[in-house]
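Below is one structure, written out as structure tokens, with a few remarks after it.
The values are calculated or read from the model by the stated rules, or taken from the named source; none is laboratory data. No experiment lies behind these values; they were computed from the predicted model shown. Cβ coordinates were reconstructed from backbone atoms using ideal geometry, including for glycine residues, and neighbour counts include every protein chain displayed.
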Amino acid sequence: MADSKKFHEKNREERLNTVKSFARLSDEDIKILRNDGGISFEQANHMVENVIGTLSFPLGIATNFKINGKEYLIPMVIEESSVIAAASKAAKIARKHGGFIMKSDESYSIGQIQLVDVNAKSAIPKVLKASKKILELANSKSKTLSKMKKGAKKVTCKKLETKSGTMLIVELLIDVGDAMGANVTNTMCEAVAPLLEKITGGRAILKILSNYSTKRLVRGRAIFDKDEVGGKQVVDNIIHAYHFAANDPYRAVTHNKGVMNGIIAVANSTGQDTRAIEAASHAFASKDGNYTSLTRWKKDKQGNLVGEIEVPMPVGIVGGIINIHPMIKVATKILGVKSAKELACVIGAVGLAQNFSAIRALASEGIQKGHMRLHAKNIAASAGVPKGKIDEVVSRMVKEGNVSVTRAREILGQL
């Protein structure tokens with residue numbers, strides 16, 4: 001990595017060579033990276049229904065990340081300009097004070113069995129008394145987890161009063177190891193439902209995991225040097241911006257969207273269930289009754305900016321598309337994570353980094369300056385500006401504050 005050229009200054013071949021050396025990729029891995037999109041129609045046709053083609057998104061690399069003392073090159077899949085550059089810049093600033101310190105919970109999934117037509121008060125003690133039998137039945141559905149001493153660990157119950165009557169919800173706490181765990185959780189819930197009907201005298205309807213992954217949180221922090229951030233005023237402005245988000249849901253949604261820009265880009269590249277992550281994160285932001293920020297910002301005694309994040313992270317490194325999509329296999333190899341917990345830490349760190357970059361821009365020169373320069377490149381390209389003229393056309397559009405296809409063509413004509 002000791003190279004005079006910054007990563008973004010390199011051409012594609014140089015970038016591939018850097019990544020190949022860092023992640024010890026094979027020639028076959030590089031061949032897959034060159035195969036834009038990563039999958040054929042035939043492969044796609046086995047993944048989902050009614051396939052007519054495939055759709056590619058940019059796969060980029062975030063640089064400079066140091067997380068729990070380990071160096072990472074982080075693959076990110078996103079169509080939005082400036083996100084990868086912003087995350088890389090944030091990571092570079094965080095390195096001065098040790099990078100990101102992250103910690104992830106165990107990979108506990110929550111499965112729910114809904115029982116109706118039941119006397120919940122009398123049924124709950126019966127269910128809890130039969131916990132051992134219920135867990136044994138659940139664990140018989142996954143020999144792999146059982147061999148690893150993981151699997152279903154605990155049975156809990158709760159009573160709900162609803163418009164359609166009293167419901168008993170039986171929940172299984174399941175250690176799913178390095179998987180995201182949806183399939184095994186659903187299988188276990190379906191397996192124990194008949195037994196629960198027999199124990200309670202009720203009728204089971206839904207038997208499914210909860211995507212509200214409160215038992216698999218990732219949390220962490222980073223210190224951003226006040227001088228690198230832009231001085232005391234910018235630090236104070238960032239904290240004011242955070243307090244705005246912490247107290248106003250209209251701002252908090254946009255604030256958290258910036259967090260998710262980083263989180264989902266890494267999740268995309270590693271084959272995660274992005275809908276589950278999004279749903280859990282936004283529910284978690286509302287856990288106290290009001291929608292608020294997923295991150296927290298403050299100053300330390302030296303006046304440096306300290307950022308913290310806590311967010312559900314239901315991710316895995318085995319199972320599903322991770323096992324079959326060649327590009328995702330290579331991206332995960334580049335990342336080099338060895339467990340779902342490590343992946344959660346990486347994704348959480350990128351979310352914090354991206355949030356820092358967004359509010360730093362907002363609290364100083366404004367979000368549009370850097371974003372529009374990158375966006376202007378896309379506009380210039382779509383206007384048919386030749387590669388050798390793009391930088392000049394972009395500079396003029398940004399300087400004028402007029403970024404459009406029409407203006408790009410006008411400037412090209414003048415050149």
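Taken across the range 21-42, residues that are farther than 25 Å from G316 by Cα, hydrophobic (A, V, I, L, M, F, W, C) and surrounded by fewer than 14 Cβ atoms within 10 Å (Cβ to Cβ) do occur, with at least one present. If the condition is being part of a strand (DSSP E or B) and surrounded by fewer than 21 Cβ atoms within 10 Å (Cβ to Cβ), then the range 111-148 contributes Q112, Q114, V116. Number of residues in the range 216-229 that are touching a Lys or Arg at 6+ places or on another chain (Cβ under 7 Å) and more than 30 Å from D178 (Cβ to Cβ): the value is 4.
Among the residues of the range 269-279, are any in the same structural domain as D227 (by TED's automatic domain parsing) and more than 15 Å from the chain's Cα centre (by Cα)? Within the range 269-279 (the criterion being in the same structural domain as D227 (by TED's automatic domain parsing) and more than 15 Å from the chain's Cα centre (by Cα)), the answer is no, since none of the residues qualifies. For the range 91-106, state whether one or more residues are part of a helix (DSSP H, G or I), charged (D, E, K, R) and more than 22 Å from I334 (Cα to Cα). So far as the range 91-106 goes, yes, one or more of its residues are part of a helix (DSSP H, G or I), charged (D, E, K, R) and more than 22 Å from I334 (Cα to Cα). If I go through the range 163-207 residue by residue, how many of them are over 17 Å from V118 (Cβ atoms) and either assigned to a strand (DSSP E or B) or among the small types (G, A, S) (or both)? Count: 9. Do we have any residue at all in the range 359-367 that's surrounded by fewer than 17 Cβ atoms within 10 Å (Cβ to Cβ), free of Cβ contacts under 8 Å to residues at least 12 places away in the same chain and farther than 30 Å from D178 by Cα? Checked against the condition, which is being surrounded by fewer than 17 Cβ atoms within 10 Å (Cβ to Cβ), free of Cβ contacts under 8 Å to residues at least 12 places away in the same chain and farther than 30 Å from D178 by Cα, the range 359-367 yields at least one hit.
Close contacts from the range 115-135, counting a first residue that is in contact (Cβ under 8 Å) with a residue 60 or more places away in the chain and a second that is assigned to a loop (DSSP other than H, G, I, E, B) and of a type in the set (K, R), with Cβ to Cβ under 6 Å and a gap of 6+ residues or different chains, come to none at all. Put simply, of G69, G99, G60 the only residue that is farther than 18 Å from I324 by Cβ, without any contact (Cβ under 8 Å) to a residue 40 or more places away in the chain, surrounded by 13 or more Cβ atoms within 10 Å (Cβ to Cβ) and among the small types (G, A, S) is G60. Exactly one residue out of V235, V176, V229 is outside the structural domain of E308 (by TED's automatic domain parsing) and touching a helix residue (DSSP H, G or I) at 6+ places or on another chain (Cβ under 7 Å), and it is V176.
Does the range 338-351 contain any residue that is closer than 14 Å to A267 by Cα, assigned by TED's automatic domain parsing to the domain that holds M47 and part of a loop (DSSP other than H, G, I, E, B)? No: the range 338-351 contains no residue that is closer than 14 Å to A267 by Cα, assigned by TED's automatic domain parsing to the domain that holds M47 and part of a loop (DSSP other than H, G, I, E, B).
Put simply, of E49, E28, E71 the only residue that is of a type in the set (D, E, K, R) and part of a helix (DSSP H, G or I) is E28. Among residues of the range 317-329 being assigned to a loop (DSSP other than H, G, I, E, B) and at pLDDT below 95, the one that is surrounded by the most Cβ atoms within 10 Å (Cβ to Cβ) is H325. Residues in the range 258-291 that are among the small types (G, A, S) and either closer than 16 Å to L352 by Cα or without any contact (Cβ under 8 Å) to a residue 24 or more places away in the chain (or both): 8 in all. If you go through the range 299-316 and pick out every residue that is surrounded by fewer than 22 Cβ atoms within 10 Å (Cβ to Cβ) and in contact with a helix residue (DSSP H, G or I) (Cβ under 7 Å, 6 or more places away or on another chain), you end up with 3.
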